[in-house]
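Just below is one structure, and these are the notes that go with it.
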Amino acid sequence: MKTIAAAVEDYIKSKPFLVSALTQGIINLTSLARIINKEISDVMNKDVRNGAIVMALKRLSSDFEFRSSLKIIKTLRNIGDITVRSSLIDYNYKVSPTLLASQAKLLSSISDDKGNFYTSSRGVHECNVVVSSNLAEQVESCFENEVCIHKEDDLSSISVKLPTENVSVPGIYYFVFQRLSWEGINIYEVISTSNEFTILVNEAQVDKAFRVIKDLKQL
């Protein structure tokens with residue numbers, strides 16, 4: 001027979017934001033118990049006291065915090081270099097049959113100067129090209145026959161090197177982006193590889209974003 005604790009756990013697990021809020025201790029458990037009482041009572045096929053739900057929630061709060069946060073925190077403490085680049089421009093182009101040729105033309109024209117920044121991400125219908133502002137003229141020349149949907153300048157990037165075990169730890173990106181969101185930082189774009197991710201933010205917010213990410217190493 002299913003226990004009240006198991007019913008409460010199943011319900012909370014189906015609501016990711018509740019799991020996060022419980023681990024942070026920012027939810028009034030008595031109020032939450034009243035809200036979910038009907039769902040829990042239906043699962044148990046009997047009336048369940050709010051007090052019993054509160055007790056189950058208290059146990060879950062500490063258990064979720066241990067299980068979900070321990071691996072994440074351990075991984076984030078081992079993040080590597082954090083690299084900041086400023087004066088970037090993000091071009092958003094419509095995908096076309098000639099887009100790859102335009103990108104190849106741009107790549108062949110970019111020198112190996114370490115002062116240059118270039119990265120690109122492509123979706124089904126759109127492609128973003130992010131470059132140092134000094135490359136703007138080259139980009140616009142190479143992509144002159146492409147449809148530019150949007151252009152955003154005055155951006156900065158923060159690139160973070162992750163330990164290789166990050167791919168086997170669920171919740172890494174959610175943990176990082178949640179903290180950035182709490183600080184009111186708007187992420188313009190995210191570009192990632194297996195063991196590295198880069199975020200683009202407005203230059204006015206880059207210092208705050210850097211501090212948030214740097215503080216993750218001190219968790």
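Quickly run through region 173-193 and pick out the residues that are over 19 Å from R211 (Cβ atoms) and surrounded by 15 or more Cβ atoms within 10 Å (Cβ to Cβ). If you could, list the steps in order and put the result at the bottom.
Pass one, region 173-193, residues over 19 Å from R211 (Cβ atoms): 174, 189, 191-193.
The answer is E189, I191.
Inspect all residues belonging to region 148-161 and state whether any of them is assigned to a loop (DSSP other than H, G, I, E, B) and either over 30 Å from V19 (Cα atoms) or free of Cβ contacts under 8 Å to residues at least 24 places away in the same chain (or both).
Initial filter on region 148-161 (assigned to a loop (DSSP other than H, G, I, E, B)): none.
Checked against the condition, which is being assigned to a loop (DSSP other than H, G, I, E, B) and either over 30 Å from V19 (Cα atoms) or free of Cβ contacts under 8 Å to residues at least 24 places away in the same chain (or both), region 148-161 yields no hits at all.
Filter region 141-152 down to the residues that are in contact with a Lys or Arg (Cβ under 9 Å, 6 or more places away or on another chain) and charged (D, E, K, R) and list them by number.
We begin by selecting, within region 141-152, every residue in contact with a Lys or Arg (Cβ under 9 Å, 6 or more places away or on another chain); these are 141-143, 146-149.
Across region 141-152, the qualifying residue is only E146.
Only residues that are over 24 Å from Y91 (Cα atoms) and not aliphatic (A, V, I, L, M) were counted in region 195-218, giving 7.
This table checks each residue for (1) assigned by TED's automatic domain parsing to the domain that holds Y174; (2) farther than 23 Å from F175 by Cβ; (3) modelled with pLDDT under 90; (4) surrounded by 12 or more Cβ atoms within 10 Å (Cβ to Cβ).
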| position | (1), (2), (3), (4) |
| --- | --- |
| K13 | no, no, yes, yes |
| K38 | no, yes, no, no |
| M44 | no, yes, no, yes |
| I53 | no, yes, no, yes |
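Set side by side, the residues F175, F210 differ, and just one is at pLDDT below 90 and either more than 23 Å from I82 (Cα to Cα) or part of a helix (DSSP H, G or I) (or both), which is F175. Tallying residues that are small (G, A, S), under 25 Å from E203 (Cα atoms) and touching a residue at least 40 places away in the same chain (Cβ under 8 Å) within region 93-141 yields 4.
Considering only residues that are among the hydrophobic types (A, V, I, L, M, F, W, C) and either surrounded by 11 or more Cβ atoms within 10 Å (Cβ to Cβ) or not in a loop (DSSP other than H, G, I, E, B) (or both), which ones fall in region 91-126?
Across region 91-126, the qualifying residues are V95, L99, L100, A101, A104, L106, L107, I110, F117.
Of I27, I89, all but one fail to be touching a Leu at 6+ places or on another chain (Cβ under 8 Å) and modelled with pLDDT under 95; the exception is I27.
State all residues of region 127-160 that are among the β-branched types (V, I, T) and surrounded by fewer than 14 Cβ atoms within 10 Å (Cβ to Cβ); if no residue qualifies, say none. Write out each step before concluding.
Residues of region 127-160 that are among the β-branched types (V, I, T), as a first pass: 129-131, 139, 147, 149, 158, 160.
V147, I149, listed by residue number.
Considered as a group, the residues in region 1-46 that are outside any helix (DSSP H, G or I) and of a type in the set (S, T, Y) include one that is farthest from S61 (Cα to Cα), and that residue is T3.
The values are calculated or read from the model by the stated rules, or taken from the named source; none is laboratory data. This is a predicted model, so every value here is computed, not measured. Here Cβ is always computed from backbone atoms with ideal geometry, including for glycine, and neighbour counts include all displayed protein chains.
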